[in-house]
Amino acid sequence: MTIKLLGIDHVVLRVRDVPASLDFYCRVLGCEIERNVESIRLIQLRAGRSLIDLVDVEGELGRSGGAPAGSEGRNLDHFALRIETFDEEQIRDWLAQHDIDVGDSKERYGAEGSGPSFYITDPDGNVVELKGPATVGIPVS
């Protein structure tokens, strides 16, 4: 048997401020709430074909993960969200309207090959890469 991976199913983020995280991921990045499991303080957001799960660090599930992310340490290095188009000026303007600092745009390698991307941070300090379409595809071997 061979396992064939298709992409990211979901990412789970332990967050300190659920309303701020909902604002960032829903209003700014365009996710939608798909499911809310109040008993464990879990909110699942639809991000294209994937989910971003927000777990309140003060809830039962969140407390089991230890200290929350912060400047002294994070839950993960970063995760990349593939965006449909990469109009850098429009994206920068949109994020600036929401007081979000944007890193330098660079060609970076991703699941589809090399293409433009930049990094931003969410309210908990998690690094999010916004990844545009590949300009150079994956090398065929």
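A few comments on the model shown:
- Among the residues making up segment 11-50, those that are open to solvent by less than 90 Å² (accessible area, probe 1.4 Å), under 14 Å from the mean Cα position of the chain (by Cα) and of a type outside the set (A, V, I, L, M) are ARG14, SER21, ASP23, PHE24, TYR25, CYS26, GLY30, CYS31, GLN44, ARG46, GLY48, SER50.
- If you go through segment 7-36 and keep only what is assigned to a helix (DSSP H, G or I) and more than 20 Å from VAL102 (Cβ to Cβ), you end up with VAL18, PRO19, LEU22.
- Where a residue in segment 31-42 is farther than 22 Å from LEU81 by Cα and at pLDDT 95 or above and its partner, wherever it lies, is open to solvent by 60 Å² or more (accessible area, probe 1.4 Å) and assigned to a loop (DSSP other than H, G, I, E, B), with Cβ under 6 Å and at least six apart: none
- Candidate set from segment 56-103 (those that are assigned to a strand (DSSP E or B) and modelled with pLDDT of 85 or more); member that is most open to solvent (accessible area, probe 1.4 Å): ARG82
- Evaluating GLN97 against the criteria (1) more than 17 Å from GLU129 (Cβ to Cβ); (2) within 14 Å of the chain's Cα centre (by Cα) leaves one unmet condition, (2).
- For VAL128, the stated conditions hold: it is surrounded by 14 or more Cβ atoms within 10 Å (Cβ to Cβ) and under 17 Å from the mean Cα position of the chain (by Cα).
The values are calculated or read from the model by the stated rules, or taken from the named source; none is laboratory data. Model, not experiment: these values are computed from the prediction. In this analysis, Cβ positions are derived from the backbone assuming ideal geometry, glycine residues included, and neighbour counts consider all displayed protein chains. Protein only, heavy atoms only, side chains kept; ligands, DNA and RNA dropped before computing areas. Shrake-Rupley method; radii C 1.70, N 1.55, O 1.52, S 1.80 Å.
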